[in-house]
Amino acid sequence: MRHLITLDDLSNFEIEQIFRLADQMRTELATWSGFCKGKLLATLFYEPSTRTRLSFESAIGRLDGRALGFADPDAASVAKGETIADTARMVTNYSDLIVVRHSWAGAAHVMARYSNIPVINGGDGTHRHPTQALTDLYTILQRKARIEGLTVGICGDLRYGRAAHSLALGVARFGGKLIHISPDGFQMPDWITARLKQLYGQEPSETNQLRDVIGELDVIYVNRLQEERLPPEISPEDARGSYLVDVAIMDEAKPDAIIMHPLPRVNELAYELDDDERAAYFQQSANAVPIRMALVASLLGLEQLVLTQPPPRQIVSDSRPCENPNCVTNHERYLDPETEIVTASTSISSCAYCGALRA
Ligand code: CP
């Protein structure tokens with residue numbers, strides 16, 4: 001049984017296999033309908049979603065499986081205080097695969113630990129959004145035919161944006177060059193930059209002005225300000241409306257650059273760009289369905305070509321509490337803190353749940 005909590009759970013080969021399967025499912029849908037007949041996908045959404053939940057439900061439906069779950073935690077027993085662990089134990093009996101979205105970093109990891117069926121992280125707090133990154137990488141490949149050697153600018157709220165975190169690590173893994181563009185105070189967190197440097201040898205340049213680098217970029221990946229995740233001491237007023245990708249700035253971009261956005265957009269990506277042939281964000285959201293079809297079939301063990309063995313993880317118990325207030329271990333008190341040690345050129349010690357660096 002395999003879970004997808006972060007992209008680290010997949011090898012590059014497995015990711016490429018998922019992309020090949022998604023290609024087939026997208027172009028030969030009739031061949032694949034019936035592939036998940038009789039299978040049940042539980043979508044447990046403790047946070048709002050349009051694309052992730054509906055594309056997963058569409059994916060299982062197009063393969064003739066069915067979805068069940070909740071889109072509002074107030075309509076589930078979590079409103080009575082049920083823990084993630086107990087919810088996992090229950091839903092294990094009711095379905096074959098779980099997709100979970102939660103506001104706490106590491107919540108999907110907890111769900112996986114207490115589940116006897118595969119768990120997919122549909123976004124956990126300020127941590128990761130691996131299925132968004134798969135969709136993003138797949139879209140880049142469709143548009144540019146490669147990732148290696150491309151310059152990818154990730155723009156916006158990089159501190160609290162989980163899609164940005166997963167994308168940066170994914171682009172680096174496949175040999176793309178990163179540039180980080182963010183308002184002051186919203187820079188990429190050190191637990192991501194440490195991994196970029198030590199695992200992939202990348203030290204992305206940083207700027208708070210998209211105009212300074214726009215002409216270098218092959219991919220312009222825009223993120224909204226994650227207002228719902230800001231800690232109380234940070235005022236959204238400081239950054240709201242501080243960056244905008246519009247026709248004027250795209251006049252300075254490469255003619256074949258592509259514009260991406262995980263969506264929803266708020267006020268950082270102008271509607272006037274929707275007809276620009278460089279806009280890839282609606283294609284990106286459409287690709288969510290074949291990518292999630294391929295992922296669901298793979299994690300259910302129905303497609304034997306992929307997901308052969310999980311990469312090893314070294315996890316040690318650690319009595320010190322995690323310093324990240326958004327970490328699930330600071331909310332679900334039955335959990336013991338744990339440290340994951342990743343060894344590359346040097347070792348990186350980070351919280352096994354939320355990725356925050358540990359000394
Ligand atoms: N991109 C994304 O995760 O969108 P939703 O929040 O609508 O699922």
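The values are calculated or read from the model by the stated rules, or taken from the named source; none is laboratory data. Everything numeric here is computed off the predicted structure, so don't read it as measured data. As a convention, Cβ positions derive from the backbone with ideal geometry for all residues, glycine included, and neighbour counts pool all protein chains shown. These accessible areas exclude ligands, DNA and RNA; they are computed on the full protein's heavy atoms, side chains included. Shrake-Rupley method; radii C 1.70, N 1.55, O 1.52, S 1.80 Å.
Centre-to-centre separation between the Cα atoms of segment 254-280 and those of segment 145-185: 16 Å. With kT/(6 pi eta Rh) evaluated at 4 °C and eta = 1.567 mPa s, and Rh the Kirkwood radius from Cα pairs, segment 219-359 diffuses with a coefficient of 67 µm²/s according to Stokes-Einstein.
Screening the chain for whole DSSP H helices with an alpha carbon extent of at least 24 angstrom along the helix axis and a mean Kyte-Doolittle hydropathy of at least 0.5 yields 281-299. Net charge near Ile60, counting Lys/Arg +1 and Asp/Glu -1 over other residues with Cβ under 9 Å of its Cβ? So the surrounding residues net to +2. Full extension of the chain segment joining Ala75 with Arg113 gains 11.3 nm, where the gain is 0.36 nm per residue of separation less the Cα-Cα distance. Averaged over residues, the count of other Cβ atoms within 10 Å places the peptides 126-132, 89-95 in the sequence 126-132, 89-95, highest first. Which FRET efficiency value, to the nearest 0.05, do you get for Gln314 and Glu28 by plugging their Cβ-Cβ distance into 1/(1 + (r/R0)^6) with R0 = 35 Å? Working from the Cβ atoms, E equals 0.30.
Using C-alpha pairs below 8 Å separated by at least 6 residues, the relative contact order for segment 75-188 is 20 percent. Here's the picture: charge each Lys and Arg Cβ at +1 and each Asp and Glu Cβ at -1 in the chain, and of Asn267, Ser103, Thr131 the one pushed furthest to the positive end of that dipole is Thr131. All other residues whose Cβ lies under 9 angstrom from that of Ala105 are scored, Lys and Arg at +1 and Asp and Glu at -1, for a net of +1. Gain on full extension, evaluated as 0.36 nm per residue between Asp274 and Arg240 minus their Cα-Cα distance, stands at 10.1 nm. Within the straight-line cut-off of under 22 Å between alpha carbons, the lysines reachable from Lys177 are Lys144, Lys197, Lys254, sequence neighbours fewer than 8 places apart in one chain being disregarded. On the chain, 48 percent of the accessible area sits on carbon and sulfur atoms, based on a 1.4 Å probe.
In the full protein context, segment 220-349 carries 50 Å² of accessible surface per residue, based on a 1.4 Å probe and ignoring ligands, DNA and RNA. The mean sequence separation of alpha-carbon pairs under 8 Å and at least six residues apart, normalised by the residue count of the chain, gives a relative contact order of 19 percent. Full extension of the segment from Gln209 to Ser347, taken as 0.36 nm per residue of separation minus the current Cα-Cα distance, would add 46.4 nm.
Around the Cα centre of the chain, unit charges on the Cβ atoms of Lys, Arg, Asp and Glu (plus for the first two, minus for the last two) sum to a dipole of about 1140 debye.
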